[in-house]
1. Hey, rough spin-label estimate for residue 22 and residue 46, points 7 angstrom out along Cα→Cβ, what's it come to in nanometres?
2. Find out how many positive minus negative residues lie around residue 34, taking Lys and Arg as positive, Asp and Glu as negative, among other residues whose Cβ is under 9 Å from that of residue 34.
3. Using a 1.4 Å probe on the protein heavy atoms, what percent of the accessible area of segment 21-75 belongs to carbon and sulfur?
4. Determine the sum of side-chain charges near residue 73: Lys and Arg each +1, Asp and Glu each -1, restricted to other residues whose C-beta is under 11 angstrom from that of residue 73.
5. Which order do you get for 74, 52 if you rank them by accessible area with a 1.4 Å probe, largest at the top?
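The values are calculated or read from the model by the stated rules, or taken from the named source; none is laboratory data. Because the structure is a prediction, the values reported are computed rather than measured. Quick reminder, even Gly has a Cβ in these numbers, built from the backbone with ideal geometry, and neighbours come from all protein chains shown. Remember, those area values only see protein heavy atoms, side chains included, never the ligands or the DNA or RNA. Shrake-Rupley method; radii C 1.70, N 1.55, O 1.52, S 1.80 Å.
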Amino acid sequence: EKSPSWRGGISFEPYGLDFNNNFKELIRKRDNQTCILCRTYRDKLNKSLDVHHVNYDKNMNILQNCVSLCRICHTKTNFNRKHWTKFFQSLLSEKYGYNYNEKGEVILELLKNE
């Protein structure tokens, strides 16, 4: 509790039920089994990549809110959260065409039945 990075114990909050192995593997495959920051490939890590929630909401388990990170890069994201949220949203927007509004909220595009 005396740590400057203490956030009231939110790291102990549970993840949503849909944050499961299948979902995490979907994110890792989308990111080509590579850390989205340092570009280290999973085979060089001897472990699976972490899946990070871009906006730090553990219950928002959608493609537009998650990225693959190695453990070292994931640790970096514990500080300056506003910066990292904007950074990852910009990166995901550029790389995958995802859309976010000025508040950083995901804009989901619904498919029309024609």
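1. Taking the two extended label points, one gets 3.2 nm.
2. Details: positive: 28, 39, 42; negative: 31.
With Lys, Arg at +1 and Asp, Glu at -1, the net is +2.
3. Carbon-and-sulfur percentage of accessible area, whole number: 47.
4. +2
5. 74, 52
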